[in-house]
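The values are calculated or read from the model by the stated rules, or taken from the named source; none is laboratory data. The model shown is predicted, which means the values in this text are computed figures rather than measured ones. With ideal geometry, Cβ positions are generated from the backbone for all residues, glycine too; neighbour counts draw on all protein chains shown.
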Amino acid sequence: MKNLIIALLLFSIVLVSGCTNTNTYTSEGVVINMEATPSGVLENSNTLVYVDVDNKDIKTMNRVFIDIYDYGNFEAVKDSSGSIKLEKTVPEEGTGERKCSGGTSPGQCNAEEPLYCDSKGCSWNRCDICGCSSGDCLSTGDCGKLNPCSKFLTDMDVGDVQTLECQLKAKLVPYTPYQTKVSARVRYETNLSVVQTIDMMTESWYQSHELAGTLQRRPKSYSYNDKNLQLDLEFSDEMPIIKRSGKESFVTFKLRNIGNGFIFGIRSADLKIIQNQEILKSCKIDSCGLIPIGKDFPAFTCELSFPENINYLNNYIIIINIKYAYEVREEIPIEIIR
C-alpha cells in the first residue's frame, strides 16, 4: 500500500510538471494570449508565464507597456523580464497664464512629485518630465517600485507580436489543490482621427431651392469609431445648416468607450479640432480635459459660427484628432500543490 501511494505521488508530480495552460483575450485590435508552463506546480517551485501581445489593429500602438500586475499566490523571480524605466522627455511649452493648484506656473513641476503643470493650468502625473527623487518612473506617470515583470516599447506596428516572459515562484498554500490566478495587462496610446464636412447655406438660397424642390438634405447625426472609442456628432439641424438672423446653431460631441478594456482621461491638449475656417467656437469643455464616467465621457457643445463671406451653399471641413490611452487585461489560472 505504501509503495502504491509513493507511485501515485510520483505520477502526479510528472503530470503537473508536463502541463501547459493557455488563455486568450481578444479586444478586436489587441489580442493577448497567456500561457503557463507548467500550468500546475508544487510549493516553492517555478513556472514560466508568457504574455503574447498581437497588434491586430489597423494603427500603430504607441508607448506600449506590458506587465503582470497581479501575481496571485506567486512571487516574481528577480531579473526574469526586460523591465526598463521610462526615459525623461522634453517638457512642454508653458505658455498659459492660468496657474495650477499650489501656485505652480505652467511648464513647471510641482513640489509634490511627480505633478507637472501644463499650459492649461492642469496638473498631471508626469514623472517622465519631473523625475522621481525616490522610486522609479512608471508607465502611468507615477513614481513607485518598478514591476520586475514588465516591458516597455516605444511603439508596436500593425501585425507586430511582442512577448513578455516571466518566471514565477509558488508560495506556500493552505490546502491542496490550490488554484490562483495570474493577471497581465497591456496599456498603450493611440488616436481616433475624424474628418467631418459641414454644409452651410444662406436663407435666400435655401428658400429658392426649397420652393423648386431641389434642396438636398443630409442627416444631423454622425458616428465615427475605431476598435475602442466612438465619437458621435449631433448638429442642431439637418444639413445644410441655414444661416438665419437671431438663430443659434451648435454641434454636440459625445465620446464612448466601445471596447472591452479601460480608457483613461483625455487631456484638453490631446483633443484637437483643426479647421480651414473658424466654424466652431465657444466649445464648452473643461480646460483640463475629459474624465470618463463608466463607459461615457461628459458631452460638450460647440457653437457654429457662420462666416461673413458665406455665399449660397458652402462646404467646410473640420478634422478632429483625439489621442487617448487604453488598457486591456487577461488572466490565467494556475494550480499549486502542497
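Taking the stated definitions as given, is Val41 within 21 Å of Asn147 (Cα to Cα) and at pLDDT 80 or above?
On the way: within 21 Å of Asn147 (Cα to Cα): no; at pLDDT 80 or above: yes.
It is false that Val41 is within 21 Å of Asn147 (Cα to Cα) and at pLDDT 80 or above.
Under 6 Å between Cβ atoms, which residue pairs at least 6 apart in sequence (or on different chains) link something in the range 244-255 that is closer than 17 Å to Ser282 by Cα with a partner that is among the aliphatic types (A, V, I, L, M) and buried (at least 16 other Cβ atoms within 10 Å of the Cβ)?
Ser249/Ile241; Ser249/Leu304; Phe250/Leu304; Val251/Leu233
Taking Leu168 and the conditions (1) exposed (fewer than 14 other Cβ atoms within 10 Å of the Cβ); (2) part of a strand (DSSP E or B), which numbered condition does it fall short on, given that it satisfies the others?
So Leu168 meets the others, but not (1).
Name every residue in the range 280-327 that is of a type in the set (Phe, Trp, Tyr), closer than 23 Å to Glu189 by Cα and in a loop (DSSP other than H, G, I, E, B), in order of residue number.
Answer for the range 280-327, where residues must be of a type in the set (Phe, Trp, Tyr), closer than 23 Å to Glu189 by Cα and in a loop (DSSP other than H, G, I, E, B): just Phe297.
Is there a residue being surrounded by fewer than 13 Cβ atoms within 10 Å (Cβ to Cβ), aliphatic (A, V, I, L, M) and either under 30 Å from Glu43 (Cα atoms) or in contact with a strand residue (DSSP E or B) (Cβ under 6 Å, 6 or more places away or on another chain) (or both) anywhere in the range 145-152?
no
Quick one: in the range 276-295, which of the residues that are surrounded by 15 or more Cβ atoms within 10 Å (Cβ to Cβ) and over 23 Å from Pro106 (Cβ atoms) is farthest from the chain's Cα centre (by Cα)?
Initial filter on the range 276-295 (surrounded by 15 or more Cβ atoms within 10 Å (Cβ to Cβ)): 279-280, 283, 285, 288-290, 292.
From what is left, the residues that are over 23 Å from Pro106 (Cβ atoms) are 279-280, 292.
Numbers: Ile279: 29, Leu280: 27, Pro292: 12 Å.
If we take residues in the range 276-295 being surrounded by 15 or more Cβ atoms within 10 Å (Cβ to Cβ) and over 23 Å from Pro106 (Cβ atoms), then Ile279 is farthest from the chain's Cα centre (by Cα).
Could you grab the pairs with beta carbons closer than 8 Å, sequence gap of 6+ or different chains, first residue in the range 35-47 and at positive phi, second one modelled with pLDDT of 95 or more and assigned to a strand (DSSP E or B)?
Within 8 Å, the pairs are Asn44/Lys169; Asn44/Ala170.
Within the range 48-76, track down each residue that is surrounded by fewer than 18 Cβ atoms within 10 Å (Cβ to Cβ) and on the phi > 0 side of the Ramachandran plot.
Arg63, the sole residue that qualifies.
Please find, within the range 105-124, the residue that is modelled with the lowest pLDDT out of those that are in a strand (DSSP E or B) and of a type in the set (A, V, I, L, M, F, W, C).
Let us first name the residues in the range 105-124 that are in a strand (DSSP E or B), namely 109, 115-117, 123-124.
Next cut, of a type in the set (A, V, I, L, M, F, W, C) only: 109, 115, 117, 124.
Details: Cys109: 88, Leu115: 87, Cys117: 87, Trp124: 83.
The residue in question is Trp124.
May I ask you to list the residues in the range 242-253 that are surrounded by fewer than 16 Cβ atoms within 10 Å (Cβ to Cβ) and either under 17 Å from Pro298 (Cβ atoms) or not assigned by TED's automatic domain parsing to the domain that holds Asp226 (or both)?
Kept after step one, since they are surrounded by fewer than 16 Cβ atoms within 10 Å (Cβ to Cβ), are these residues of the range 242-253: 244-248, 252.
Thr252, the sole residue that qualifies.
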